[in-house]
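Some notes on the structure that comes next.
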Amino acid sequence: MESRITDADLAIIGGGVGGVAAALAALRHGLRVVLTEEGDRIGGQFTSQGVPPDEHRWIEQFGCTASYRRYRDAVRDHYRTWYPLTAAARNDPHLNPGLGRVGALCHEPRVSGAVLRALVDPYLSSGRLRILLGARPVAAQTSGDRVSGVTVRRADGGLVHLTAPYYLDATELGDLLPLAGVEHVTGFESRHDTGEPSAPDVAQPANMQAFSWVFAVDHREGEDHVIDRPARYDHWRAYRPDYWPGSQIGLTAPDPRTREPLTRTFTPNLTSGPVLADQSQDPGDRELWEFRRAVAREQYEPGFVTSDVTLVNWPMIDYVDGPIIGVSEQDKERHLAGARELSESMLYWLQTEAPRPDGGRGWPGLRLRPDVMDTPDGFAAAPYIRESRRIRAEYTVVEQDVSLAVRGEAGAAPYDDTVGIGMYRIDLHPSTGGDNYIDVPSCPFQIPLGALLPVRVRNLLPAGKNIGTTHITNGCYRLHPVEWNIGEAAASLVAYCLKETVEPHDVRRKDVHLRSFQSALKADGVELAWPEIKGY
């Protein structure tokens, strides 16, 4: 069965962080939007991938868009409204529900799902937003340098043909780019092409960051929740990348910043009190239970929660056996299954072999939490994706634009065409080509409009990790607040172009339009420059 949607001003393909931010921005400007999502929920990293926000140290003061801050405030308000928090937690303006160390807003993926749906619900009621879940892009129609249509396949096999003046690729892997013939790159660029200090001599298009399959667990002392032994547990138990200090399954892994072996601790239901969630001072991963904890007993009235809940997204579950971009469907499915089995094997090891402080082995009381992850089994609905196809852009951000070692006191390269800001270390996880971490300091940076503009195609824009960065600078432009800003800027650009009857590329080239568009962004609460601060 086939159907058509022809009355949208903007078709957003992908309902992750950037896609949701784009939809909200477009709707705020009065556009009619159709949003498609391959999975069964919107939110991407926040929800289906089970990854609460990774953010910079100044996030409570500045360094994000007003709409992203509204999302963060809504998460905290959800807890204050519906959960029996302690008085101290309820009155904490910077409530961190899970007391996780990775960031200041560690919380349950299910809560992000509720908040994001609440943000879009009014537009669903008005009829200006349509969301197609379980809809995967399978084809695009083009005419010259323009996209004239996109076809998505629903879960039931039916096709929906979308026609709109503009299209955004907000998919996790940049899936719309090859379908629409948009020039793009994958993996490592060469030092010859980019001049980047950390780039290899020869381009490696199949060498991409690991992806991970996250899961949620609590701990019930004295109970037995050990899962069935994974079929390939022995394989994964012995698996050791060349640069790893031992078996990848274990508590010892490279320190991302020094690459030296570092043995973490794992202590279920550790009582921690106030935690430091500042990655400039502490990466947060020394105690794995606290690292990405999403539910903390200490935050609730006594007896309400019998166990913390932690989200397992650790170096030990980074899957490096092969990429899921640029491979056959068979290989893609094999690697996805492998990542899932690696995570299952890590859980089984924790339940049966992990060292305990009392000298024993294994934590059989570790229990998967489907309710927290909002999935049937407690594993995330989708893998956590760190790297996408990236457009060949009018401007490509390179390492020497943002590296603290290169830029020093001068700070990141300023962009006259800035459409937002972001901050994170250049944080590259181990890769499918056998590379260890690349984790180096960066400067607070801007998002150049040129990185959102394909070199040729006129009416398709990236709205996530698929902008004009390199493999290396993707490491700091891929995090939640930046992806949100990218999606918001892309949709705001579409709204501006429709209103002013101008094309995106001309907004950058014509100063009168660039300044007018930047003024519109600032009026919407998009920060275009940082105060004078130093990176880390």
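The values are calculated or read from the model by the stated rules, or taken from the named source; none is laboratory data. Every value quoted in this text rests on a predicted model; they were computed, and no experiment measured them. Neighbour counts are summed over all protein chains in view; Cβ atoms, including those assigned to glycine, are modelled from backbone coordinates with ideal geometry. Note: areas computed on protein heavy atoms with side chains; ligands, DNA, RNA excluded. Shrake-Rupley method; radii C 1.70, N 1.55, O 1.52, S 1.80 Å.
Suppose the filter is in contact with a helix residue (DSSP H, G or I) (Cβ under 9 Å, 6 or more places away or on another chain), in contact (Cβ under 8 Å) with a residue 40 or more places away in the chain, open to solvent by less than 10 Å² (accessible area, probe 1.4 Å) and not in a strand (DSSP E or B); does Gly525 pass it? Considered against the rule, which asks whether it is in contact with a helix residue (DSSP H, G or I) (Cβ under 9 Å, 6 or more places away or on another chain), in contact (Cβ under 8 Å) with a residue 40 or more places away in the chain, open to solvent by less than 10 Å² (accessible area, probe 1.4 Å) and not in a strand (DSSP E or B), Gly525 comes out as no. Every condition in (1) closer than 29 Å to Tyr496 by Cα; (2) outside any helix (DSSP H, G or I); (3) not aliphatic (A, V, I, L, M) holds for Gly39 except the one numbered (1). Within the stretch 18-33, if we keep just the residues that are open to solvent by 10 Å² or more (accessible area, probe 1.4 Å) and among the hydrophobic types (A, V, I, L, M, F, W, C), the residue that is farthest from the chain's Cα centre (by Cα) turns out to be Leu31.
Note on the stretch 274-328: among residues that are among the basic types (Lys, Arg) and closer than 29 Å to Thr258 by Cβ, the one that is farthest from the chain's Cα centre (by Cα) is Arg286.
For the stretch 327-334, the condition holds for no residue, the condition being that it is of a type in the set (Lys, Arg), in contact (Cβ under 8 Å) with a residue 60 or more places away in the chain and closer than 28 Å to Phe188 by Cα.
Checked against (1) of a type in the set (Val, Ile, Thr); (2) in a loop (DSSP other than H, G, I, E, B); (3) open to solvent by less than 10 Å² (accessible area, probe 1.4 Å), Thr306 passes all but a single condition, namely (3).
Could you tell me whether the stretch 496-507 includes any residue that is outside any helix (DSSP H, G or I), touching a residue at least 60 places away in the same chain (Cβ under 8 Å), open to solvent by 40 Å² or more (accessible area, probe 1.4 Å) and not polar (S, T, N, Q)? The answer is no; no qualifying residue exists.
Yes or no, residue by residue, for (1) crowded, with 20+ Cβ neighbours inside 10 Å; (2) of a type in the set (D, E, K, R); (3) closer than 26 Å to Ala380 by Cβ:
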{"position": "Thr86", "(1), (2), (3)": "no, no, no"}
{"position": "Gly103", "(1), (2), (3)": "yes, no, yes"}
{"position": "Ala118", "(1), (2), (3)": "no, no, yes"}
{"position": "Ser125", "(1), (2), (3)": "no, no, no"}
{"position": "Ala135", "(1), (2), (3)": "yes, no, yes"}
{"position": "Ala139", "(1), (2), (3)": "no, no, no"}
{"position": "Ser143", "(1), (2), (3)": "no, no, no"}
{"position": "Ser148", "(1), (2), (3)": "no, no, no"}
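Within the stretch 238-272, being in a loop (DSSP other than H, G, I, E, B), touching a residue at least 60 places away in the same chain (Cβ under 8 Å) and either among the small types (Gly, Ala, Ser) or within 30 Å of Pro302 (Cβ to Cβ) (or both) holds for Gly250, Phe266, Thr267, Pro268, Ser272. Inspect the stretch 73-81 for any residue being among the β-branched types (Val, Ile, Thr), surrounded by fewer than 22 Cβ atoms within 10 Å (Cβ to Cβ) and more than 18 Å from the chain's Cα centre (by Cα) and give the result as yes or no. Yes, that holds for at least one residue. Checked against (1) out of contact with any strand residue (DSSP E or B) (no Cβ under 8 Å at 6 or more places or on another chain); (2) assigned to a helix (DSSP H, G or I), Pro481 passes all but a single condition, namely (1). Only strands (runs of 3 or more DSSP E) whose full extent lies in the stretch 92-155 are considered here, and the ones with at least 3 residues that are at pLDDT 95 or above and among the basic types (Lys, Arg) are 146-154.
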